[in-house]
Structures are given as structure tokens and as C-alpha cells.
Amino acid sequence: MKKHLLLRIVCVTFAAYAQNNNSTMTQTVTPPVAAIKAKQLEKHGDTRTDNYYWLNERENPEVIDYLNKENEYYQQSTAHTKQFREDLFLEMKARIKEDDSSVPYFYNGYWYITRYEKGKDYPIYSRKKGSLEAKEEILFNCNEMAEGHSYFSLGGLNISEDNKWAAFGVDTVSRRQYTIQVKNLQTGEILPLKIANTTGGSTWAGDNKTLFYTRKDEVTLRSDKIYKHKIGADVKDDALIYHEKDDTYNTFIYKEKSKKYLVIGSSSTLTSEYRILDAKKPDGEFKVFQKRTRGLEYGISHYGDKWYIVTNKDKATNFKLMTTPEGKTEKENWKDLIAHRKDVLLEDIDVFKDRLVITERKNGLIQLRIRNIPLAEEHYIDFGEPAYTAAVGANPEFNTSTLRYSYTSLVTPNTTYDYHMDTKEKKLMKQQEVVGRFQDLH
């Protein structure tokens, strides 16, 4: 009874303090009020009035002044929480391992590593040739690159097949409008080339001198144009390869894991379409894989003399896996490899030389299905727990029998495994260190 009474007294006291504190703030801090400037907007035959459309004008001094007043109001209104916010930040930071690093992954002769140093905010990207015991080659130290910027993000790191060039995107504004640059990995020189207003991602052709990239609409930020750049050429001479004019679609470009094809993709909520080109012939014409048909979704992966297609064709609401000959890509030629199932969602596939990894979901749980293509044999990875989350990790190397995947459960911290797809042996590569008293309490 005494405990209940004490609890009520504490609650009433806290509520009274909060109400009094809020009342004091209300009296002393006045929120800014945006001016009403009515603008008529018409769409689909309907007209509506937007009183604050003028706030879209990002460079308008009046807009900037209003935003500064909003920020000032926020600072004044939350000044009493400053110490509390600092305490929360320090508590969360104390549970994060600052000097952490990724599990190295192998690709095209090099081991690639992302690591962090204690007391620094940004990652360091590096690689080692052939062996993890080899000398470390720093590709990008983002801590140095971020100096002088209030915001910094590096993305879209992409290495040419001859390991000479690294394309990368930099955003210093926080609008996901990246400027693509290129670094010569043999000399360490960053070329004067700067390609603005891109997604940050890019793809090297098989000739190691042609770079494809995606630009955005400057107003909507929709990725809508694919360009081609030649090393040594002026950016203004870059050729427009594809323009996605339908504003319900976005477009992108990548290279197949087999390295044989360049692929331009276009996707909307319910429909997808792809175009393909021999990666060794970047000046050729892209060919439509299967023209867009409303409601038809599909994704493609190349291996050998076939294409593997994850699709909802034939009302396969949970998707199915189909194949088609390399030179006959229209949907009339597609054949079922894994038929549609009402109780299993086929989410994705990952292609390796002679092996196929299928990500499925059944009864709410992810299943990883391993298929040996030449032998037509398959099995599922046994995770050993009734409830968990698993996902295929970074597997850029095509010629390997090892699958990397991540795993976590209610009693297992986030863990990275390497799984041998033939012997079924798994090797623990890294387990997230739980900093603090969590392990003592559980």
C-alpha cells in the first residue's frame, strides 16, 4: 500500500512539473507562423489550394529565413532536454564498438575491407591483394575526405575488371544527389572528372574504360537517364543511352555477376522491364529482354547459356523461377524451373558458377535453398533454431563454392557465416559484440 501511495505521489509530482514546465515554455517561446500564399494546383481535372506551396522554393531568402526561425524555435523549446539528450547519446554510443570492421570479402583477386577507427565518424575502405596477410591498400579514407563538410557520404564504390579504376559517388548536401568521380588505383590520382546529380552508382563495361551511370531529374530526384562516359573524355560529351520518360518508373544499370552482360532496368510498383548488352561491346545497342507489360514483374540473372528469371508470370503471386535460352528472352520462351507455390514466397536468387541460391519465405521464416546446377541436386541450410532472421550477404565473386550469409535470433547476436555449398560446413566469420551488461543479464 505504501509503495502504491509513493508511486502516485511521484507521478503527480512529475505531471505537475511537466505541466508547469510546459506552461512556462508556452509563455516564453512563440512558434513562427508561415505566411499563407494561396496557389491553385490542378491535376486529373481536380483543383486544390496549397497555402504553403511557396515553401518549395529552396533558394528563396524568405523560405530560408522561415526555416531558421523554425530551427531557433526548436532549440529554445527543447533546451531543457539538452543534458538528457547528451546522456542518451553517450549511453547508445557506449554500446557500439567504435573500432569495428566488416568481414573481408573476396572479389576479382582482392580482399575488400571496411573498417572504423575509434573516435572517428566515417569508414575507411581498403583492400589486400590475394591474401589477408598482404599489405593493406587504402582506397578511401572518408574521415579525411569529409573534412570541411557538415555532411559527407561516399557510395557506389565500383572497381573496373582490370583493377585499375575505382568509380565512386560523393554527397555533401544530404539530398542523395551524388557527384561521381574516378580514382586511378595504380597512381592514387583522383581524376578531375566530376559528374553531378547522379544516384552515385555506376558500372564499368568489359573494356575497362567505359563507365555507365544514372542521372536524376533535378526537381523530383527520380532516376530517369542512363549515360555513357569514356575515360579521358569531357563529361559534356557523354552519350545519353536511355531516357525513362514514364514518371512512374525509375531506371538503373548494372553488370551481371557473370560479367557477360550490362543490364538497364526500369521498374514501377507493378511492372518491370530490362535491356541487355554484351559488356565487351559497350558501344552497341541495348536489346529489350521482355517489353513491359502492365502487372508483369520479373528480375533476371545470367549463367552459362541461360537466363534465370524470378517472375509473377501466369498469376504467380508468390513468384516462381523460370529459365530461357540466352538468345530467346521473350516471355513465350520462359520455362518453369521452380513452379509457383501458394505457401512459399520466392524472394530472390543469387547465381554462382554451377550453383544457385534461392531465398524463400515459408511460415514467416527465411529459407536458403542451395541448388547444384550441373547435378540438379539441392538442399536447404539448417539454421537449428525455430525462430530467426537470415539473409544472403555480400557475394560478388562468381567463381566460388562459398556462400556468405547473416543470421540472428532472439538469443543469437547478428552473426556472419561462410557456408560451403558442397560440404554443408559453415564457418563463423564474425559475431556482433554486445557491449554493456546485456550478456550478463541474459
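Data overview
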{"item": "Elements of type strands (runs of 3 or more DSSP E) contained in region 108-172, each with 2 or more residues being hydrophobic (A, V, I, L, M, F, W, C)", "result": "110-115, 137-141, 153-159, 165-171"}
{"item": "Hits in region 338-353 (condition: surrounded by 18 or more Cβ atoms within 10 Å (Cβ to Cβ) and farther than 22 Å from A391 by Cβ)", "result": "H340"}
{"item": "Region 214-267, residues that are in contact (Cβ under 8 Å) with a residue 60 or more places away in the chain and of a type in the set (S, T, N, Q)", "result": "S258"}
{"item": "Output for region 24-69, where each listed residue is of a type outside the set (A, V, I, L, M), over 26 Å from E218 (Cβ atoms) and in a loop (DSSP other than H, G, I, E, B)", "result": "T30, P31, P32, G45"}
{"item": "Residues located in region 229-249, provided they are assigned to a strand (DSSP E or B) and either modelled with pLDDT under 95 or closer than 22 Å to K331 by Cβ (or both)", "result": "Y242"}
{"item": "Some residue of region 377-390 being without any contact (Cβ under 8 Å) to a residue 60 or more places away in the chain, polar (S, T, N, Q), within 30 Å of S160 (Cβ to Cβ) and assigned to a strand (DSSP E or B)", "result": "no"}
{"item": "Evaluation of F152 against (1) more than 19 Å from S101 (Cβ to Cβ); (2) over 22 Å from the mean Cα position of the chain (by Cα); (3) not hydroxyl-bearing (S, T, Y) (one fails), failing number", "result": "(2)"}
{"item": "Unique match (being surrounded by 14 or more Cβ atoms within 10 Å (Cβ to Cβ) and touching a residue at least 24 places away in the same chain (Cβ under 8 Å)) among S406, S401", "result": "S401"}
{"item": "Positions within region 173-207 being in a loop (DSSP other than H, G, I, E, B), small (G, A, S) and within 22 Å of P396 (Cα to Cα), in sequence order", "result": "A205, G206"}
{"item": "Out of T220, T271, sole residue that is among the hydroxyl-bearing types (S, T, Y) and at pLDDT 95 or above", "result": "T271"}
{"item": "Of all residues making up region 411-429, the number that are among the hydrophobic types (A, V, I, L, M, F, W, C), surrounded by 15 or more Cβ atoms within 10 Å (Cβ to Cβ) and assigned to a loop (DSSP other than H, G, I, E, B)", "result": "1"}
{"item": "Selection from region 362-376 of residues that are crowded, with 17+ Cβ neighbours inside 10 Å and part of a loop (DSSP other than H, G, I, E, B)", "result": "I373"}
{"item": "Residue in region 399-410 that is hydrophobic (A, V, I, L, M, F, W, C), part of a helix (DSSP H, G or I) and at pLDDT below 95 present", "result": "no"}
{"item": "Selection within region 257-277 - among the polar types (S, T, N, Q), part of a loop (DSSP other than H, G, I, E, B) and either within 23 Å of D247 (Cα to Cα) or in contact with a helix residue (DSSP H, G or I) (Cβ under 9 Å, 6 or more places away or on another chain) (or both)", "result": "S268, T269, T271"}
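The values are calculated or read from the model by the stated rules, or taken from the named source; none is laboratory data. Predicted model, so just to flag it, every value in this text is computed and none were measured. FYI the Cβ positions are ideal-geometry reconstructions off the backbone, even for glycines, and counts take in every protein chain you see.
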